[in-house]
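Below is one structure, written out as structure tokens; the observations come after it.
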Amino acid sequence: MNITEKIAYWVDIAGYDLETARAMLTSGRYLYAVFMCQQAVEKLLKAAYMEFGSGGEPPRTHNLTFLLGKLELDKIPEEIELLASRLSAYYIETRYPNYKEKLSCLVDSSEAERTVNKTEDAFSWLQSQMK
């Protein structure tokens with residue numbers, strides 16, 4: 001795969017994850033909705049990294065704040081930086097069974113909907129920065 005194909009691949013699976021986040025929200029699986037938001041943003045950031053980061057393979061990390069910081073962009077909106085930080089926590093915490101029950105209580109329908117909506121906004125902004 002050349003770099004253009006790799007970028008297209010990351011963008012495609014990021015879009016699929018964002019659609020899955022919306023489906024999880026609709027079905028009432030709020031914890032998984034926010035987790036899929038994290039996955040969608042992570043994959044889109046990896047596509048962006050390949051496009052206007054160092055140009056090489058993206059780092060093997062799930063830390064969205066770190067990935068965002070590696071992008072060579074003039075100005076990243078503060079709300080996207082805040083979302084990246086928040087979504088990174090969802091990735092780490094949802095991977096461990098003892099956190100799932102606690103997080104399920106914290107991620108209610110309004111929190112999940114707010115997260116999905118903010119993720120969709122961030123997704124649109126990031127895509128607008130790409131070619």
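We did not get these values from a lab; they are worked out from the coordinates using the rules stated. Please read all numbers here as calculations on a predicted model, not as lab measurements. Cβ sites come from the backbone with ideal geometry, for glycine too, and all protein chains shown count toward neighbours.
Got a sec? How would Lys43, Lys75 order by Cβ neighbour count within 10 Å, fewest to most?
Lys75, Lys43
Spin-label point model (7 Å from Cα, Cβ direction): what's the Leu106 to Thr4 distance in nm?
4.4
Straight-line reach only, C-alpha to C-alpha below 20 angstrom: list the aspartates and glutamates that Lys75 could link to, leaving out same-chain residues fewer than 8 apart.
Glu42, Glu51, Glu120, Asp121
Identify which of the listed values of Cα extents along the principal axes in Å was calculated from the structure shown: (i) 63, 34, 28; (ii) 41, 26, 23; (iii) 55, 25, 22.
(ii)
Taking the Cα centre of the chain as the origin and placing charges on Cβ (Lys, Arg +1; Asp, Glu -1), which of Val116, Leu64, Ile80 is farthest toward the positive end of the dipole?
Leu64
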